[in-house]
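Accompanying notes for the structure given below.
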Amino acid sequence: MKNYEIMYIVRPNLEGDARKEVVESFANIFPKMGSEVTEVKEWGMRDLAYEINDFRKGFYVVMNVNANSEATGEFDRLARISEDVIRYIICKKEA
């Protein structure tokens, strides 16, 4: 397993409970795939550098995970099809 840092931006017009569900559902992907989430940081609402899908703000979430390629692939697949995630990036951390 490798260490990854994943940052994703949730659309700003989600209410508190719905946003919490999105964050939990994406964090739960990794334990289901035999990987480990070491940290989840909610950075909160921030301005975007440029407009994305008519949004000027977004709710930022950063996760650190120890994951296999299947788990990161599943995150990638689900983030692409989710209407709640407007951007994401998966970065491999150097040891």
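The values are calculated or read from the model by the stated rules, or taken from the named source; none is laboratory data. This is a predicted model, so every value here is computed, not measured. Positions of Cβ are backbone-derived with ideal geometry, glycine not excepted, and every protein chain shown enters the neighbour counts. Accessible surface is based on the protein model in full, side chains and every heavy atom, while ligands, DNA and RNA are left aside. Shrake-Rupley method; radii C 1.70, N 1.55, O 1.52, S 1.80 Å.
Taking every C-alpha pair closer than 8 Å and separated by at least 6 residues, the mean separation divided by the residue count of the chain gives a relative contact order of 48 percent. Compared with the dominant Cα axis of the chain, that is its longest principal axis, helix 16-27 is turned about 30°. Please state the charge dipole magnitude for the stretch 32-95, taken about the Cα centre, from unit charges on C-beta atoms (+1 on K and R, -1 on D and E), reported in debye and rounded to the nearest 20. That gives the stretch 32-95 a dipole magnitude of about 100 debye.
Any idea of the accessible area per residue across the chain, 1.4 Å probe, to the nearest Å²?
63
Taking each of Lys2/Lys32; Lys41/Lys93; Lys57/Lys93; Lys20/Lys92; Lys32/Lys93; Lys41/Lys92 in turn, the alpha-carbon distance tops 19 angstrom for Lys57/Lys93; Lys20/Lys92; Lys32/Lys93.
Surface composition of the stretch 36-95: carbon and sulfur make up 45 percent of the accessible area, probe 1.4 Å.
Once the Cα-Cα distance is subtracted from the 0.36 nm per residue extended length, the Glu83 to Leu48 segment shows a gain of 10.9 nm.
For the chain, the ratio of Cα radius of gyration to the globular rule of thumb 2.2 N^0.38 Å stands at 1.04.
Would you tally the net charge around Val62, using a Cβ to Cβ cut-off of less than 10 Å, leaving Val62 out, and scoring K and R as +1, D and E as -1?
Local charge sum for Val62: -2.
Scanning the chain for GluC sites (Glu not before Pro) lying in DSSP loops with no more than 11 further Cβ atoms inside 10 Å, the longest uninterrupted stretch between such sites is 16-82.
For the stretch 55-95, the gyration tensor built on C-alpha atoms gives an oblate shape. Its axis ratio a/c (a ≥ b ≥ c) is at least 1.5, and a/b is not larger than b/c. Compute the angle between helix 69-81 and the longest alpha-carbon principal axis of the chain, please, reported from 0 to 90 degrees and rounded to the nearest 10. Result, in degrees: 20. Extending 7 Å from the Cα toward the beta-carbon at both Glu39 and Glu15 defines two label points whose distance is 3.3 nm.
In the chain, which trypsin sites (Lys or Arg not before Pro) are in a loop and have at most 13 other Cβ atoms within 10 Å, using DSSP for the loop call?
Answer by residue number: Lys93.
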